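Input: a single structure, listed below in structure tokens.
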Amino acid sequence: MIYLDNAASTPVHARVLEAMMPHLREAYGNPSSIHRSGREAARAVAAARARVAALVGAAPHEIALTSGGTESNNMAILGIARASPRSRVVTTQIEHEAVLEPCAQLESEGHAVTRVRAGRDGLVDPADIESAITADTSLVSVMAANNEVGTVQDIAAIAAICARRGVPLHTDAVQAAGKVPLDVARLGVSLMSISSHKINGPKGAGALYVRDGLRPAPVVRGGGQERGLRSGTENVAAIVGFGEACAMAAGQMAEDAARVASLRDALVAGVAERIPHSSLNGDAARRLPGNAHFAFLGVRGEDLIIKLDEHGIAASTGSACSVHTQKESHVLRAMGLGREEIDGSLRVTVGPQNTRAEIDETLETLVSCVAELRRVSPFRQKYGL
Ligand SMILES: *Cc1c(COP(=O)(O)O)cnc(C)c1O
């Protein structure tokens with residue numbers, strides 16, 4: 001199989017698995033226990049926390065370990081809004097469902113939500129965030145990089161605006177982490193979500209950076225783990241694997257990004273050259289190194305995914321969630337793409353484990369599959385496909 005759906009999830013790296021194994025076999029103590037086995041588990045969690053913190057330039061005590069990106073986003077958005085006397089949240093129209101849904105929940109609790117637009121290029125204008133902030137804004141939440149079209153937002157500029165207005169900024173950095181440098185202090189963000197399984201770690205682990213002094217209301221209550229921010233016995237093995245994945249990502253980021261971008265660029269250039277009536281969605285430069293998101297006129301993205309799968313190639317139409325529900329992508333719609341461009345979209349996301357030979361084979365397969373689908377397309381005549 002040629003796996004090119006790295007924005008949906010990534011393979012667990014061999015070193016990550018190796019680091020996890022002892023914690024699934026013999027080191028099974030509860031990190032809250034006083035005995036030796038518990039202390040060993042607590043030490044492993046502390047070491048992993050430090051490695052997660054180092055990836056984003058945070059202090060270890062500013063990292064709350066969670067079950068993943070979805071939980072981190074919920075914790076940040078529900079937690080900050082509910083703890084604040086203010087009652088408006090500002091976010092964007094192109095966020096992941098794990099941001100949009102907690103915002104919708106807040107609306108049902110009486111908060112107001114402003115959803116700022118994105119341009120045709122998939123970029124959010126910081127000036128639009130500035131105009132959306134009111135005196136009663138408790139939180140701004142803007143993703144660092146989009147999971148569908150891969151566009152990378154100017155978080156530092158948005159953070160500067162938020163700081164001036166005295167509003168904390170949360171960023172969903174699940175796609176950006178490990179791919180582009182993220183330093184919480186340099187960016188100026190107050191909260192940041194990251195996830196293990198998007199950076200070659202195991203599923204079921206993630207983190208929320210919470211800047212010193214901020215106190216979101218806990219969503220998951222119980223035994224008081226994670227400084228009371230997120231109760232529940234720690235998923236020790238997954239956390240250790242997440243820590244290893246963060247350390248590896250930090251060490252290889254520049255190298256991996258350059259290689260992954262060159263593979264992606266080869267695919268984008270090949271598609272532009274060999275498939276007429278195709279386009280690249282999202283800003284060409286300000287995007288994640290591994291992301292290519294195409295629109296093929298006259299082809300249904302879902303049909304293309306199935307064809308590619310028959311040839312052993314795993315790709316996606318957009319976010320894993322929207323594929324599952326067959327819903328039109330809210331991201332592409334917010335960007336102002338037409339119905340036919342949205343229908344004909346394909347997301348190919350390259351990871352560090354992919355090879356040039358895989359990209360070459362994918363291009364050949366894509367050329368033949370698009371041609372095959374266009375032969376039976378109802379738009380064949382209309383567009384001269
Ligand atoms: C995958 C993803 C999430 C959800 O993370 P999980 O760890 O799968 O819960 C949230 N936001 C973005 C941008 C994502 O890509």
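Quick rundown of the values:
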| read-out | value |
| --- | --- |
| Enumeration of residues in the range 212-228 that are over 30 Å from R15 (Cα atoms) and away from the ligand (no atom under 16 Å from the Cβ) | D212, G213, L214, R215, P216, A217, P218, R221, G222, G223, G224, G228 |
| Scope the range 194-249; condition of a type in the set (A, V, I, L, M), outside any helix (DSSP H, G or I) and over 13 Å from T66 (Cα atoms); matching residues | I199, L214, A217 |
| Meets criteria (away from the ligand (no atom under 16 Å from the Cβ) and surrounded by fewer than 24 Cβ atoms within 10 Å (Cβ to Cβ)) for A104 | no |
| Test: residue in the range 130-142 that is surrounded by fewer than 24 Cβ atoms within 10 Å (Cβ to Cβ), hydrophobic (A, V, I, L, M, F, W, C) and either closer than 23 Å to G206 by Cα or not assigned by TED's automatic domain parsing to the domain that holds L191 (or both) | no |
| Some residue of the range 273-283 being in contact (Cβ under 8 Å) with a residue 12 or more places away in the chain, surrounded by fewer than 22 Cβ atoms within 10 Å (Cβ to Cβ) and in a helix (DSSP H, G or I) | yes |
| Residues of the range 1-39 that turn out to be assigned to a helix (DSSP H, G or I) and either of a type in the set (A, V, I, L, M) or surrounded by fewer than 19 Cβ atoms within 10 Å (Cβ to Cβ) (or both), as a count | 15 |
| Failed item in (1) free of Cβ contacts under 8 Å to residues at least 40 places away in the same chain; (2) surrounded by 18 or more Cβ atoms within 10 Å (Cβ to Cβ), with R221 passing the rest | (2) |
| Lone unmet requirement of (1) at negative phi; (2) out of contact with any Gly (no Cβ under 6 Å at 6 or more places or on another chain) for G110 | (1) |
| Hits in the range 149-181 (condition: among the charged types (D, E, K, R), in contact (Cβ under 8 Å) with a residue 60 or more places away in the chain and either outside the structural domain of G122 (by TED's automatic domain parsing) or not in a loop (DSSP other than H, G, I, E, B) (or both)) | D172 |
| Residue in the range 359-385 that is farthest from I2 (Cα to Cα), counting only those that are of a type in the set (S, T, N, Q) and in a helix (DSSP H, G or I) | Q381 |
| Residue within the range 308-316 that is farther than 30 Å from K382 by Cβ, surrounded by fewer than 20 Cβ atoms within 10 Å (Cβ to Cβ), touching a residue at least 12 places away in the same chain (Cβ under 8 Å) and aliphatic (A, V, I, L, M) present | yes |
| Residues (in contact with a Lys or Arg (Cβ under 6 Å, 6 or more places away or on another chain) and more than 18 Å from S262 (Cα to Cα)) located in the range 343-373 | D343, V367, C369 |
| Residue within the range 140-148 that is part of a helix (DSSP H, G or I), within 27 Å of A217 (Cβ to Cβ), of a type in the set (A, V, I, L, M) and within 14 Å of the ligand (Cβ to nearest atom) present | no |
| Matching residues in the range 53-68 - criterion: being within 16 Å of the ligand (Cβ to nearest atom) and under 19 Å from S231 (Cα atoms) | I63, A64, L65, T66, S67, G68 |
| Candidate set: the range 311-342, residues that are assigned to a loop (DSSP other than H, G, I, E, B) and under 20 Å from L123 (Cβ atoms); chosen: the one modelled with the lowest pLDDT | S319 |
| Residue within the range 20-39 that is touching a Cys at 6+ places or on another chain (Cβ under 9 Å), in the same structural domain as D183 (by TED's automatic domain parsing) and in contact (Cβ under 8 Å) with a residue 40 or more places away in the chain present | no |
| Residue among V90, V99, V113 that is crowded, with 22+ Cβ neighbours inside 10 Å and more than 12 Å from the ligand (Cβ to nearest atom) | V90 |
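One line per residue, one yes/no per condition, for (1) in contact with a helix residue (DSSP H, G or I) (Cβ under 6 Å, 6 or more places away or on another chain); (2) modelled with pLDDT of 95 or more; (3) closer than 30 Å to N291 by Cα:
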residue	(1), (2), (3)
T137	no, yes, no
I161	yes, yes, yes
L169	yes, yes, yes
P181	no, yes, yes
V184	yes, yes, yes
I194	no, yes, yes
G228	no, yes, no
G241	yes, yes, yes
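This table checks each residue for (1) part of a helix (DSSP H, G or I); (2) over 19 Å from M192 (Cα atoms).
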site: L65; (1), (2): no, no
site: I80; (1), (2): yes, no
site: V89; (1), (2): no, no
site: A104; (1), (2): yes, yes
site: E107; (1), (2): yes, yes
site: V113; (1), (2): no, yes
site: A118; (1), (2): no, yes
site: D121; (1), (2): no, yes
site: D128; (1), (2): yes, yes
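The values are calculated or read from the model by the stated rules, or taken from the named source; none is laboratory data. Note that the structure is a prediction, hence the values are computed from the model and not measured. Because the Cβ atoms are built from the backbone with ideal geometry, glycine has one as well, and the counts that use them run over all protein chains shown.
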